[in-house]
Amino acid sequence: MTDALRRVTPVVRVAPAKLNLTLAVVGRREDGFHALHSVMVPLQIADRLALAPAFAPADRLHVTGATTSELGPADMGPPDRNLVLRAIGAARAACRARGVDADLPALAARLEKRIPVAAGLGGGSSDAAAAIDAALEAWGVAGAVAPADRASIASSLGSDVPFFLAGGWALVEGRGERVTPLPAPRGPEPAVLLVTPGTGVSTAAVFAAFAGGARPAPGAALASSRHLAGELAAGMTAARFVERAGIMAVANDLAPATAAVAPALVPFRRALGRVVGRPVGQSGSGPTLWVLYPSMAAAETAAIDVRAALAAGELPAAGERPPFVCATRILAGDPGSPVDAGLDRLAPTTHDGGT
Ligand code: C5P
């Protein structure tokens with residue numbers, strides 16, 4: 001074994017998906033990005049990332065899962081565009097900029113995709129956040145890059161990456177770089193049914209459609225998002241949280257833009273609502289649709305119902321691949337993550353119509 005191989009500790013990380021419970025677009029920034037107000041939560045469904053020494057001069061990436069199932073398109077794009085390799089490169093550059101003199105050998109990354117791709121579930125961003133931390137740990141230099149520096153590496157890679165770096169429930173603002181941890185509701189972890197129609201939707205295309213006028217009247221999603229963030233900050237039970245599903249399900253300002261990009265999603269969402277008999281929301285820029293349940297057992301029963309409806313042709317086709325259907329838990333988050341900083345400004349607003 002060469003010295004370089006000995007200096008790399010193999011690391012395995014779980015990279016969870018996210019759900020946007022609310023998503024308000026509150027303006028356009030000077031950098032062209034949109035300013036957001038979104039309550040985001042981590043899910044149990046996760047990719048797996050493993051780093052080991054590379055037997056090559058450059059970092060390498062091997063992806064499994066996505067090409068063989070309904071998770072996404074067979075072509076995940078060129079490896080140098082993949083967020084995992086970009087994250088490892090950015091972590092190495094940050095170490096060098098901070099004068100870390102240790103050798104930072106090339107890494108072999110193995111990524112097992114379990115989260116649908118281009119689905120509004122943040123899989124690529126979560127992989128990137130996991131890769132930043134995992135690379136620093138693999139090189140044995142985790143202490144060399146401060147949390148604030150990691151956060152700026154995360155922002156440079158994508159708008160959702162800082163949320164994943166923080167871990168846990170959070171209010172996400174700005175372009176995505178302002179992450180205020182929120183306490184998860186008290187009581188049994190709620191569950192969610194995810195239904196991802198088999199058509200990838202580009203986030204950039206959805207924001208472009210929004211900028212082009214495919215948007216709802218402003219204000220309603222923001223009021224709901226603020227109200228939810230305030231209630232969570234003040235402390236909420238899991239039962240009360242699940243009762244809020246109807247309000248969250250309509251609090252996504254990007255839904256009309258997603259519908260403009262992929263019109264087949266509109267009848268699909270309506271039909272899904274009929275099958276499950278509960279409010280159906282859209283995560284992020286879509287196309288993933290979500291339905292909240294008080295327990296994993298209830299979400300699993302709903303998944304069986306939806307698969308049966310698909311088999312019976314009761315849900316219209318909305319893509320070139322079959323939909324991805326999955327029941328999963330909403331995670332309470334990193335037990336170690338601080339949730340008290342900055343909560344004061346989120347005090348519940350006076351009642352805005354939510355029950
Ligand atoms: O940051 P990310 O790579 O996820 O963003 C993809 C695209 O979505 C951006 O290039 C931008 O067009 C749009 N976007 C935006 N405002 C945000 C996040 C993303 O306009 N807050």
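The values are calculated or read from the model by the stated rules, or taken from the named source; none is laboratory data. What you see is a predicted model; the values in this text were computed from it and never measured. Note that we place each Cβ from the backbone using ideal geometry, even for glycine, and neighbour counts take in every protein chain shown. Heavy atoms of the whole protein, side chains included, go into the accessibility calculation; ligands, DNA and RNA do not. Shrake-Rupley method; radii C 1.70, N 1.55, O 1.52, S 1.80 Å.
Summary of computed values
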item	result
Distant-in-sequence amide H partners of Arg178 (H built 1.01 Å from N, under 5 Å)	Glu173
Unit charges at the beta carbon, dipole of the chain: most positive-side option, Phe164, Leu21, Ile132	Leu21
Local electrostatic count, Ala46, Cβ distance below 13 Å [Lys/Arg +1, Asp/Glu -1]	+3
In degrees, nearest ten, helix 296-311 long axis to first principal axis of the chain (Cα)	80
Distance from segment 187-201 to segment 3-47 (C-alpha centre basis), Å	16
In Å², nearest 10: area of Thr9 left accessible to a 1.4 Å probe	80
Restricting segment 289-331 to GluC sites (Glu not before Pro) in coil, as DSSP defines it, with at most 12 other Cβ within 10 Å	Glu320
Cα-based helix-to-principal-axis angle, 220-234 vs the chain, degrees rounded to 10	70
Among Gly27, Gly284, Gly333: highest mean-square fluctuation, GNM of the chain, C-alpha pairs under 10 Å	Gly27
Sequence-distant residues sharing a close amide H with Val63 (under 5 Å, placed H)	Leu111
Amide hydrogen neighbours beyond the local backbone of Leu104, cut-off 5 Å, H modeled	none
Vicinal HN-Hα couplings computed from phi for segment 37-49 (Karplus, 6.51 cos²θ - 1.76 cosθ + 1.60; Hz; Gly/Pro x)	9, 9, 8, 10, 9, x, 10, 6, 4, 8, 7, 10, 10
Heavy atoms of Asp133: accessible area, 1.4 Å probe, square angstrom to 10	40
Vicinal HN-Hα couplings computed from phi for segment 22-35 (Karplus, 6.51 cos²θ - 1.76 cosθ + 1.60; Hz; Gly/Pro x)	9, 8, 9, 9, 9, x, 10, 8, 5, 7, x, 6, 9, 7
Hydrodynamic radius of the chain per Kirkwood, over alpha carbon pairs, in Å	20.8
Where N is the number of residues in segment 129-248, Cα Rg divided by 2.2 N^0.38 Å	1.29
Solvent-accessible surface ranking, highest first, for Arg86, Arg226 at 1.4 angstrom	Arg226, Arg86
Using alpha-carbon coordinates, inclination of helix 147-157 to the longest axis of the chain, degrees	70
Charge dipole magnitude, Cβ of K and R +1, D and E -1 - the chain, Cα centre, debye nearest 20	260
Farthest toward positive dipole pole in the chain [+1 Lys/Arg, -1 Asp/Glu at C-beta], among Val250, Ala204, His34	Val250
Accessible surface, 1.4 Å probe, highest first, among residues Met248, Met296	Met296, Met248
Farthest toward positive dipole pole in the chain [+1 Lys/Arg, -1 Asp/Glu at C-beta], among Gly89, Leu111, Ala259	Ala259
